[in-house]
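**Q** Next up is a structure, given as structure tokens.
The numbers here are math on the coordinates, done by the rules we state, and not lab data. Here the structure is a predicted model, which means the values were calculated and not measured. Note: ideal-geometry Cβ built from the backbone for every residue, glycine included; neighbour counts use all protein chains shown.
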Amino acid sequence: MDLIRYQTRDLAPWSALDRWGNLRDELNSFFEMPFWSGFARAGQLFTGWSPALDLYESGDNVVAVVELPGMRKEDIDISLHDGTLTISGERKRESTGGGKAQRTERYVGTFRRSIALPTRVDADKVTATYQDGILKVTLPKAEEAKPKQIQVS
Amino acid sequence: MNTLTRETRDGDRAQAEQFISPPASVIEGADGYTLEVEMPGVTKDGFDISFENNELTIIGRRSLPAVEGMLIHHESRPDNFRRTFELDPSIDANKISAKIEHGLVTLTLPKAEHVKPRKITVS
């Protein structure tokens, strides 16, 4: 899959209308894609697994925290392109062991979240941890984006 | 046989603490039920399961990672999780087991021996 091309599109600034933003992004990417692959991904639009994402900013870092319960570490992808952080992944349908699903509220399938970062970050120093179903991505700010004290001489 | 998935909605009354209801999946197998409940940020210590009056209550208290800095984009809810299920009488409540891994609680609810399907061979 060519993940790169979706990261270059313009992202709306976050707002209370975020869900509409997502929908618009989805529709845009749906039409950008070849016909068949658009259909393959259409499922995501309607099942709508959109894990909660929080973004923090401190003097040195930007930190993204995403709720991703019951994932495997290997199934989470994190990429950074043009100041946009994209977290995507897939939760595979687990075998029910021949059982019958009586109730299915948990989403299965792929998700993708993109967020424009408020400042420039040092892409080489990005670290991520996954613990208790919470993904934490720490993005150290680029030197020029850090706040600086200037002494009056 | 469907009582396992029937929730007790009035269980939320008379509670000062705010809870949110996490998504859950229920799978019925020949030997019992498997219940999966999503509780991101809950560790083994914050997890509480109780059984009373044929009701199974699962509570997950979150220990969220402390993050330095100002919250500039917020979607998560800090509330703890709670969900109640009324159990099918066929479940052997003494044999319920639970595990929590990557914020996903998996409960195994075996059926009592006497209700398991049994194959009888004609001699």
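**Q** Using the per-residue mean of other Cβ atoms lying within 10 Å as a proxy for protection, in what order, highest first, do the peptides B:68-76, A:63-71, A:135-143 fall?
**A** Working: B:68-76: 14.0, A:63-71: 22.9, A:135-143: 18.4.
The most tightly packed comes first, giving A:63-71, A:135-143, B:68-76.
**Q** When chain B is modelled as a GNM with alpha-carbon springs shorter than 10 Å, which of B:A112, B:A30, B:A98 fluctuates the most?
**A** Evaluated over chain B, the most mobile residue of the options is B:A30.
**Q** Only loop residues by DSSP count here, and only those with at most 16 other Cβ atoms within 10 Å; note down the GluC sites (Glu not before Pro) in the range A:85-125 that meet that. Show your work: numbers first, answer last.
**A** Numbers: sites: A:E90, A:E94, A:E105; in loops: A:E94, A:E105.
The qualifying sites are A:E94, A:E105.
**Q** In terms of the Cα gyration tensor, with a ≥ b ≥ c the square roots of its eigenvalues, is chain B rounded because a/c is under 1.5, prolate because a/b exceeds b/c, or oblate?
**A** Taking the square roots of the gyration eigenvalues as a ≥ b ≥ c, chain B is prolate.
**Q** In addition: Rounded to the nearest 0.05, what FRET efficiency do A:Q102 and A:D75 have when you use their Cβ-Cβ distance and R0 = 25 Å?
**A** On the way: r = 26 Å, r/R0 = 1.02.
That gives a FRET efficiency of 0.45.
**Q** Would you order B:F19, B:F85 from fewest to most other beta-carbon atoms within 10 Å of each residue's own beta-carbon?
**A** B:F19, B:F85
**Q** Tell me the relative contact order for chain B as a rounded percent, counting alpha carbon contacts under 8 Å between residues six or more apart.
**A** On the way: 199 pairs, mean separation 39.6, N = 123.
Relative contact order comes out at 32 percent.
**Q** Follow-up. By count of other Cβ within 10 Å, fewest leading, how are B:L107, B:L35 ordered? Intermediate results must be reported in sequence, preceding the final value.
**A** On the way: B:L107 21, B:L35 24.
The order, fewest Cβ neighbours first, is B:L107, B:L35.
**Q** Same structure, new question: Peptide A:58-70: average number of partner chain Cβ atoms within 10 Å per residue? All intermediate terms of the calculation are to be shown ahead of the outcome.
**A** Working: counts 4, 3, 2, 3, 2, 5, 2, 9, 3, 10, 5, 15, 11.
Averaged over the peptide's residues, the number is 6.
**Q** Taking the simple approach of a point 7 Å from Cα along Cα-to-Cβ for both A:E90 and B:E52, what is their distance in nm?
**A** Between A:E90 and B:E52, the simple spin-label model gives 4.5 nm.
**Q** Further, regarding this structure: So, in Å, what gap is there between the alpha-carbon centers of the range B:45-123 and the range A:74-150?
**A** Comparing the Cα centres of the range B:45-123 and the range A:74-150, I get a distance of 26 Å.
**Q** While we're here: Please report A:Y107, B:Y33 as a ranked list, fewest other C-beta atoms within 10 angstrom at the top and most at the bottom.
**A** Working: A:Y107 17, B:Y33 23.
Arranged by neighbour count, lowest to highest, A:Y107, B:Y33 become A:Y107, B:Y33.
**Q** Right, here's the next one. Name the residues whose placed amide hydrogens come within less than 5 Å of the amide hydrogen of A:Q102, ignoring near sequence neighbours (fewer than 5 apart) on the same chain.
**A** Answer set, sorted by chain and number: B:V26, B:I27, B:E28.
**Q** Here is a follow-up. I need the phi-derived Karplus couplings for the range A:114-127: 6.51 cos²θ - 1.76 cosθ + 1.60, θ = phi - 60°, integer Hz, Gly and Pro marked x.
**A** 10, 9, 6, 7, x, 9, 6, 10, 8, 4, 6, 10, 6, 10
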